[in-house]
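Read through the structure below, which is laid out as structure tokens, and then see the notes.
Derivation of every value follows stated rules applied to the coordinates shown; laboratory data play no part. The shown structure was predicted, so the numbers you read here are calculated from the model rather than taken from an experiment. Methodologically, a virtual Cβ is constructed for each residue, glycine included, from the backbone with ideal geometry; neighbour enumeration extends over all protein chains shown.
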Amino acid sequence: MPAGWRRARSPRPGLLTFKAPSRTKEERHPNLVTWKVRAVKLPILPPYYYLDHFAEMLGFVQRTYGSILTEEHHAFIARFDGLSRDARCL
């Protein structure tokens, strides 16, 4: 029997079963790159952070590209502006 191998419990009587020694992760995957990561506390964003920035982006697009936006784009912006704040968050 090779070094490190041990006899394992057999599923059937009379059958010899051997178990190979366990290897470390590095031994099983020699090309694996591991990183040490530390936990970072994420910032707490204001409740309407994403809505405010989406509205800011829509305003920029409207001011900058308003002349080339289609009626469909203008209609979307008008419908979006007409929604309640909670509906716009969805």
- Item | Cα-centred dipole magnitude for segment 49-89, charges only on beta-carbon of K, R (+1) and D, E (-1), debye, nearest 20 | 40
- Message: Using the Karplus curve 6.51 cos²θ - 1.76 cosθ + 1.60 with θ = phi - 60°, what ³J(HN,Hα) values do you get for each residue of segment 48-62, in whole Hz, with x for Gly and Pro?
- Response: 10, 3, 5, 4, 4, 6, 5, 5, 4, 5, 4, x, 4, 4, 5
- Message: As an exercise, take the mean of 1/r over every pair of distinct alpha carbons in segment 49-89, invert it, and state the Kirkwood radius in angstroms.
- Response: 10.7
- Find which of 45, 76, 61 sits farthest along the positive direction of the dipole of the chain, computed with +1 on the beta-carbon of Lys and Arg, -1 on that of Asp and Glu, about the Cα centre. 45
- Per the helix-only calculation at 222 nm, which mean residue ellipticity applies to the chain, given -39500 (n - 2.57) for every DSSP H run of n ≥ 4 and division by its residues, nearest 500 deg cm²/dmol? -12000 deg cm²/dmol
- On full extension of the chain, what length is gained from residue 76 through residue 9, given 0.36 nm per residue of separation minus the C-alpha to C-alpha distance? 17.3 nm
- Message: Can I get the semi-axes of the chain's equivalent ellipsoid? Compute them from the C-alpha gyration tensor as square roots of 5 times the eigenvalues, in angstrom, largest first.
- Response: 65, 18, 16
- Query: For the chain, what relative contact order do you get, as a whole percent, if you take Cα pairs closer than 8 Å and at least 6 residues apart?
  - Reply: 17
